[in-house]
Structures are given as structure tokens and as C-alpha cells.
Amino acid sequence: ELHSRGSFGIVDTAVLLGMPANSQSQTAWTACCQCVSRKVVVGFSQKDWVLAFLFRASAFCTHLAGLSGVDAGALFKDQPLLRRKLQSLDLSTIVTEHADYLGKIDEIIVEVSRFL
């Protein structure tokens, strides 16, 4: 939405947790990064079976950002600024189910703050 309105760099830092989005969509991640001025952190858990089951059962995509993070190096080979801006953070040691994103938000915030 922000990108379509031309609102580039309006968000300082974005933290996206357990996101049911295609991790290989260069167009979507480019648009996201253009609206954020500093960092886009994608928090994911390989143990989020709820996300894995529900989304994979009903969607077209098997590469979910909320399950595997985003490989910025592969998406943005020739764009070093976007590679530095888009970071994935494995929260599998904290998040074992999708509800943990809410229930363990304090631990997640501590981990994200170490990452920034």
C-alpha cells in the first residue's frame, strides 16, 4: 500500500514476524524495502507448523518467509543496498508454534534488538 502511494522511506525499521508471504518474490520485497529507510527484519521459525500446514494447504506458494526467512543474497545479487537492508532472523529456538509470536513477544523483542 505504501509503495503504491509513493511513500518511499517513510518507515524507519520494519519487523515482520511469522509472515505468510512468498520469500522468493523479488518484486514484493523490493517494494517493501523501498518503503523502509533502515532495515527490514523478517523473523521466522522453521517450527511454525500452523503456518506450514494452513498456508501450504491453501496457497500457491511453498516458500514462505515465515518458515524459512528471505535469502536477500539470492534475490538481490546486483543490489548491495537491498541485500544489507533485508535481513532474516531465525527465531526457531523461541517460536515453536504460531501463537508464540504473541505469547513470547518479550523474548522476541530482545532477540530482534540484538540483531539490529
So Phe44, is it at pLDDT 90 or above and either at negative phi or small (Gly, Ala, Ser) (or both): yes
Close pairs from segment 7-21: first over 8 Å from Cys35 (Cβ atoms) and of a type in the set (Ser, Thr, Tyr), partner open to solvent by less than 60 Å² (accessible area, probe 1.4 Å) and at pLDDT 90 or above, Cβ under 6 Å, at least 6 apart: Thr13/Lys39
Test: residue in segment 96-112 that is open to solvent by less than 30 Å² (accessible area, probe 1.4 Å) and under 20 Å from Cys32 (Cα atoms): yes
Any hit, segment 13-21, residues being within 18 Å of Leu2 (Cβ to Cβ) and modelled with pLDDT under 95: yes
Candidate set: segment 15-35, residues that are assigned to a strand (DSSP E or B) and in contact with a Gly (Cβ under 8 Å, 6 or more places away or on another chain); chosen: the one surrounded by the most Cβ atoms within 10 Å (Cβ to Cβ): Leu17
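Go through segment 36-52 and give me each residue that's open to solvent by 10 Å² or more (accessible area, probe 1.4 Å) and either part of a helix (DSSP H, G or I) or within 19 Å of Lys104 (Cα to Cα) (or both).
Within segment 36-52, Phe44, Gln46, Lys47, Trp49, Val50, Leu51, Ala52 qualify.
To keep it simple, each residue is scored yes or no on (1) part of a helix (DSSP H, G or I); (2) hydrophobic (A, V, I, L, M, F, W, C); (3) at pLDDT 90 or above.
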residue: Cys61; (1), (2), (3): no, yes, no
residue: Gly73; (1), (2), (3): yes, no, yes
residue: Leu81; (1), (2), (3): yes, yes, yes
residue: Tyr101; (1), (2), (3): yes, no, yes
Hits in segment 61-86 - residues which are open to solvent by 20 Å² or more (accessible area, probe 1.4 Å), out of contact with any helix residue (DSSP H, G or I) (no Cβ under 7 Å at 6 or more places or on another chain) and of a type outside the set (Lys, Arg): Cys61, His63, Ser68, Asp71, Ala74, Asp78, Gln79, Pro80, Leu81
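The values are calculated or read from the model by the stated rules, or taken from the named source; none is laboratory data. The model shown is predicted, which means the values in this text are computed figures rather than measured ones. Cβ sites come from the backbone with ideal geometry, for glycine too, and all protein chains shown count toward neighbours. In case anyone asks, the SASA skips ligands and DNA or RNA and just uses the protein heavy atoms, side chains included. Shrake-Rupley method; radii C 1.70, N 1.55, O 1.52, S 1.80 Å.
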